[in-house]
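For reference, the structure discussed in these notes is given below.
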Amino acid sequence: MKLRDFFFLSIIAFGTVSLSNPLAALGAESGERSDGNSRPASVSITKPVYDEITKLVKTYYPGAKISETAGALHFEYKVAQHNSMITNRPEMGPKIGGVYGEVEVKSGRYQSSQQMPRELQDYSYQTVLMAPYSANHNCHLRVRFSFPSDASSEFVEKFKAVAREFDSLLPPPPKPSASETATPSAAVNVDVAKPVSTQVSASTVVAPVKPAAAPRKLFFWKAKKGSDIVYLLGTIHTAPPSLYPLPKEIERAFDESKCLVVEVDISKRKVDPARIETLVATSGKYTPPDKLSKHLSPGTKRVFDAYLNWAGESWEMYDQYKPWYVRELIGASVPRRGDLSKLRKGLGIDMHFLAKAAAKKKPVDEFETVEFQLGLDSKLADDVQDKLLQVSLLELKDTDAMMAGIFDAWKSGDPQKMERTAVHVSADNPELLPFTKALLDNRNVGMAAKIEPFLKTKGSPLFIAVGSAHMVGETGLVSLLKKKGFEVEQVTAEPQDVQPKH
């Protein structure tokens, strides 16, 4: 995974809780009304939800104590009692490195004067309260979990995503009984003194048959050569919770694969900050008295001045750095708006499968190294770095629209749209062709050359998850594997609304 490819290419190319605690159960003390709609749901309903949460907690906190009491699932790890600034009384909460919380599936909607979700800050940890509703089963998931400042943001976002989408884990809603279902031969009593349209009993009305959903292409391919199978998944390195759950066809292919291959296995990498600082110092900084303002072209200087004025920043903040690293720093701090403000690296598709591989003890291999990726931009010629910084700054205003386009292309399985959206920079600016060649073309060739050796050493099927921009175009992995004799087909999602066969 390229740590910061281009502002847009970077996301695709590369515990028991006391029920007396007012926060613990979102109960009457926190404003919930006891109106008969808060009964625990049946065990058959709660099990898949509790199993998924248990698996997630155990993945990140293997030593956590998890128990189920009175219908609620409790979890805790490294906890202690302290005086809460929220309730002004002794409460249990997590210490550094710990976690604490509970979830419970309850009948009906959550009813309270308090809005959900909420996030509360105590002295040394944060508490998230949620109560998402399932219309299919008329139940809600009461959630409270607390975590300290050192908690993994990936865990926190995945926990929220599982809670928010808990309805997808529940079994299908029960079908109406025969007595509740109308049949064509059922007798209909009609009063001739009244218009027919007002006389038909509601129990005799047959709902129109919902047509089967049209097949939907996924941003996912299956390549076959002899008995060897390679799955190719285009990823997005940072994503919102709404991207999940992923299509079952993708998850199923991962489960049957022998090995996961990513750009860089960042889940195992403990990158030494001092090493990164040395790399930046040698390739990303000027030696005084040399500085950035002496190297930028007049056009890029004007654009950079406009950016500094807009951002309320100064030349002094960036003058020691070379253009490629200035672009990295600015790109990392660009604010997102709307739904894109929820983007998290921990929710990136590659991170999703890295975490899943760790939980399943599935082998993981990688195409590249962190050092290789860090060196890509620094090796660009000065004039290319200058132009790239200028274009990046000019396109800041379009960041949200471009990223939304990338997500649309991914969700619709449209490689042409992905290519137009993500790789337009060099098409619009021929001076940047060396950038695209280094970022995508050369790397794609290197990746494609390693796939068959991986098949020999890791086995088949092989599950490859790399940035979506690496899949598209004439030099993308899909085309390169075809040239190597693989039969490649884009995977289609099974229709979700297929009517039962009679």
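Taken together, the values in this text are just the output of simple stated rules run on the coordinates, not laboratory data. Remember, it's a predicted structure, so these values are computed and weren't measured experimentally. When we count neighbours, we look across all protein chains shown, and the Cβ atoms used for this are built from the backbone with ideal geometry, even at glycine.
Loop only per DSSP, at most 16 neighbouring Cβ atoms within 10 Å: give me the chymotrypsin sites (Phe, Trp or Tyr not before Pro) in the range 235-307, ordered by residue number.
Details: sites: Phe254, Tyr286, Phe304, Tyr307; in loops: Tyr286.
Filter output for the range 235-307: Tyr286.
Using the crude model of +1 on Lys and Arg Cβ and -1 on Asp and Glu Cβ, and no other charge, please compute the dipole size for the range 216-491 relative to its Cα centre, in debye to 20. Walk me through the numbers on the way to the answer.
Details: 42 positive and 38 negative charges, 199 e Å.
Dipole of the range 216-491, to the nearest 20 debye: 960 debye.
Suppose each label sits 7 Å from its Cα in the direction of the beta carbon; what would the Trp310-Lys258 distance come out to in nanometres?
5.1 nm
For the pair Glu68 and Ala438, how long in nm is the line joining their label points, each one 7 Å along Cα→Cβ?
5.5 nm
May I ask you to sort Ile250, Ile45 by Cβ crowding, counting other Cβ atoms within 10 Å and putting the fewest first? Can you show the working numbers first?
On the way: Ile250 22, Ile45 18.
Ordered by Cβ neighbours within 10 Å, fewest first: Ile45, Ile250.
Which order results if Phe220, Phe155 are arranged by neighbouring Cβ count within 10 Å, fewest first?
Phe155, Phe220
Under a crude label model (7 Å from the Cα following the beta-carbon direction), how far is Leu329 from Ile276 in nanometres?
1.5 nm
What order do you get for Tyr125, Tyr133 when you list them from fewest to most C-beta neighbours inside 10 Å?
Taking fewest neighbouring Cβ atoms as first place, the list is Tyr133, Tyr125.
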